[in-house]
């Protein structure tokens with residue numbers, strides 16, 4: 001009887017995305033409860049990032065619906081979706097390279113908060129994510145891992161209810177990866193989180209429930225142990241390395 | 001000093017910048033005492049055209065939109081002022097109309113381009129085409145049937161006898177010296193206003209959009225609204241420039257809309273440096289002086305020479321005059337005063353490189 005009272009926060013129904021003749025995401029019914037940390041895994045090209053981009057409004061679904069807190073957001077503009085409380089960290093660091101870390105965080109905080117609050121939020125986030133020493137450096141000059149942190153911090157600054165993280169640990173050192181996992185667990189106290197990752201050790205650190213994508217569809221869904229033990233999953237995704 | 005004109009200028013100006021603005025204002029205020037009328041006339045024109053350059057560089061350098069046809073607002077401003085002032089005589093109101101009407105036209109044009117998700121390159125082309133359409137349309141109004149109120153549009157002959165500005169409480173229209181002060185004040189105020197605008201939340205958001213529009217949308221900003229607001233503001237400034245041109249020369253003509261004029265604005269901005277606001281003013285002054293000199297000394301071939309200058313800047317000094325001088329200044333300073341161990345000039349040059357990659 002896990003979390004019987006949890007509300008459904010996000011639900012997609014028959015969500016589909018075609019690029020010409022290619023079906024990137026096909027007929028996906030996905031349900032996420034408030035307070036979850038969910039991991040999406042799957043081989044490259046399985047449609048995970050496309051799925052994320054439809055949730056955040058960067059791509060318009062070909063058909064189907066995205067219900068967030070009961071409202072259909074399919075086809076809405078990215079800024080409208082952001083205002084309703086969905087924040088996304090994209091796969092490639094998606095930040096303002098020509099601005100400083102402070103300016104990046106300020107702009108993000110300003111998107112949701114009343115004036116005067118931004119400065120406090122920037123200070124708190126910089127403190128929490130260890131960005132204090134680099135606040136006045138241009139983001140474009142930072143290492144890949146640091147830029148990932150800046151982007152994650154920007155997303156947090158907008159105070160979303162649902163945070164989508166596309167490969168948050170990619171390009172990070174082992175130490176940074178562990179820190180990221182800690183941060184995600186901490187964030188989970190205030191937000192529901194979906195993570196796309198490849199690193200199984202990282203997934204083990206954070207996820208209670210895993211959804212496996214394959215060829216644009218949901219292949220299997222279950223606990224980490226169930227999914228890892230699933231023969232079909234081993235075959236299409238995990239098994240090849242072993 | 002160069003830092004105040006730097007690319008990422010969303011930080012509040014320093015004391016040095018205020019001193020510079022103050023000194024420049026005092027210098028401009030005293031200038032008519034030491035110069036004759038012809039110098040005042042040519043400087044006034046440079047100030048007026050600088051406003052046009054500022055309207056473009058604000059949009060291009062800080063928002064990332066190259067509006068090639070800023071002259072559409074410039075020409076509209078000129079015609080609005082002339083038609084309103086000749087019909088009603090209230091030149092102060094005419095000046096206001098000449099700012100507002102181009103801004104409203106910018107709102108319409110910008111709405112269709114920006115909300116229609118036209119890519120940046122098409123936006124450049126469309127604004128240019130629109131200004132050329134205006135030129136063509138105005139040129140074809142030489143017949144007596146083309147009258148607005150009591151003013152004949154006069155086709156390619158333009159409208160002569162545009163009244164000078166007479167503000168409430170003044171017994172006569174502005175003298176040449178008065179126009180000099182008006183143009184200088186407008187330039188300084190618009191420059192300071194745009195510079196300070198960039199330190200506001202609105203300004204920072206514009207810079208954010210230039211840097212990464214997609215990310216700004218994902219943070220919850222409707223980037224189209226901000227871009228449109230910037231486009232409208234820039235249209236109003238260009239309109240002011242056009243009206244002042246009419247006041248300065250007592251004459252307006254369809255040439256204000258033409259390709260030559262549109263291209264010159266781009267040259268001023270590129271030569272001066274689009275990543276700064278002071279650069280385009282300097283660029284306008286330098287190119288305008290060169291143009292006048294080429295004409296007066298009988299060298300001719302103005303277009304050819306300007307094209308050559310543009311090529312040199314695009315190939316060798318992509319950042320433009322002022323940012324290049326700033327970089328040279330910093331390099332010299334670093335050489336004279338060795339930096340503390342461990343910190344090279346990498347950060348500085350990295351900053352300069354950033355500027356070239358945008359817009």
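We did not get these values from a lab; they are worked out from the coordinates using the rules stated. Note that the coordinates shown come from a computational prediction; the quantities given were computed from them, not determined experimentally. Every residue, glycine as well, gets a Cβ built from its backbone with ideal geometry; the counts of neighbours run over all protein chains shown.
Return B:213, A:77 ranked ascending by Cβ neighbour count within 10 Å, so the fewest neighbours appear first.
Least to most surrounded, the residues fall as A:77, B:213.
Mind pulling up the Rg/Rh value for chain A? Radius of gyration and Kirkwood radius, both on Cα.
With Rh from the inverse mean 1/r over Cα pairs, Rg/Rh is 0.96.
So if I restrict to the alpha-carbon atoms in the stretch B:112-176, what is the Rg, and what is Dmax, the biggest pairwise distance, in Å?
18.2, 51
Take each of the peptides A:132-143, B:306-317, B:233-244, B:91-102, average the number of other beta-carbon atoms within 10 Å over its residues, and list them starting from the highest.
The densest-packed peptide leads the list: B:233-244, B:91-102, A:132-143, B:306-317.
Given the Cα atoms of the stretch B:19-118, and with Rh set as the inverse mean 1/r over their pairs in the Kirkwood sense, what is Rg to Rh to two decimals?
My calculation puts Rg/Rh at 1.06.
Kindly provide the helix-only [θ] at 222 nm of chain B, computed as the sum of -39,500 (n - 2.57) over DSSP H runs of four or more divided by all residues, to the nearest 500 deg cm²/dmol?
-23000 deg cm²/dmol
What Kirkwood hydrodynamic radius, in Å, does the stretch B:185-284 give when the mean of 1/r is taken over all pairs of distinct Cα atoms and then inverted? Could the numbers behind the result be given before it?
On the way: mean 1/r = 0.0651 Å⁻¹.
When all Cα pairs of the stretch B:185-284 are included, the Kirkwood radius is 15.4 Å.
With the cut-off at 39 Å, report for the protein assembly as shown the share of all Cα pairs above it, as a whole percent.
41 percent
Could you work out [θ]222 nm for chain A from helices alone, using -39500 (n - 2.57) per DSSP H run of at least four and dividing by all its residues? Round to the nearest 500 deg cm²/dmol. Walk me through the intermediate numbers first.
Numbers: 8 runs with 81 residues, N = 242.
Helix-only estimate at 222 nm: -10000 deg cm²/dmol.
Over 17 Å, how big is the tail of the calculated P(r) for the stretch A:125-209, in percent of all Cα pairs?
Values: 1600 of 3570 pairs.
Of all Cα-Cα distances in the stretch A:125-209, 45 percent exceed 17 Å.
Going by how many other Cβ atoms sit within 10 Å of their own, how do B:173, B:303, A:12 line up, fewest first?
Arranged by neighbour count, lowest to highest, B:173, B:303, A:12 become B:303, B:173, A:12.
In whole Å, how far is the Cα centre of the stretch B:91-120 from that of the stretch B:181-220?
17 Å
Which whole number gives the average count of other chain Cβ atoms within 10 Å of the Cβ atoms across peptide B:196-208?
Mean shielding by partner chains, rounded to a whole number: 2.
Pairing the Cα long axis of helix B:321-336 with the longest principal axis of chain B, what angle in degrees results, from 0 to 90 and rounded to the nearest 10?
Once rounded, the angle reads 30 degrees.
How many percent of DSSP beta bridges within the protein assembly as shown run antiparallel, rounded to 5?
Close to 60 percent.
For chain A, set up a GNM with springs between Cα atoms under 10 Å and report which of A:101, A:178, A:195 has the largest fluctuation.
Looking only at A:101, A:178, A:195, the biggest GNM fluctuation is shown by A:178.
Averaged over its residues, how many other protein chain Cβ atoms are within 10 Å of peptide A:103-109's Cβ atoms?
For peptide A:103-109, the averaged partner shielding equals 5.
Sorted by mean Cβ packing within 10 Å, highest first, what order do the peptides B:50-56, A:68-74, A:158-164 take?
B:50-56, A:158-164, A:68-74
Could you work out the relative contact order of chain A, using alpha carbon pairs under 8 angstrom and six or more residues apart, expressed as a whole percent?
25 percent
Over every pair of different alpha-carbon atoms in chain B, take the mean of 1/r and invert it; report that Kirkwood radius in Å.
Details: mean 1/r = 0.0471 Å⁻¹.
For chain B, the Kirkwood estimate is 21.2 Å.
How big, in percent, is the set of alpha carbon pairs in the stretch B:38-93 lying more than 12 Å apart?
72 percent
How far is helix B:278-296 tilted off the main Cα axis of chain B, in degrees rounded to 10, range 0 to 90?
Orientation of helix B:278-296: about 50 degrees from the principal axis.
Which distance in Å, rounded to a whole number, links the C-alpha centroids of the stretch A:164-190 and the stretch A:53-73?
25 Å
Pick out which of B:130, B:265, B:11 has the largest mean-square fluctuation in a Gaussian network model of chain B, springs linking Cα atoms closer than 10 Å.
B:11
To one decimal place, what Kirkwood hydrodynamic radius in Å is obtained for the stretch B:92-225 from all pairs of distinct Cα atoms?
One over the average 1/r among Cα pairs gives 18.8 Å for the stretch B:92-225.
For peptide A:80-92, compute the average count of partner chain beta-carbon atoms within 10 Å of each residue's beta-carbon.
2
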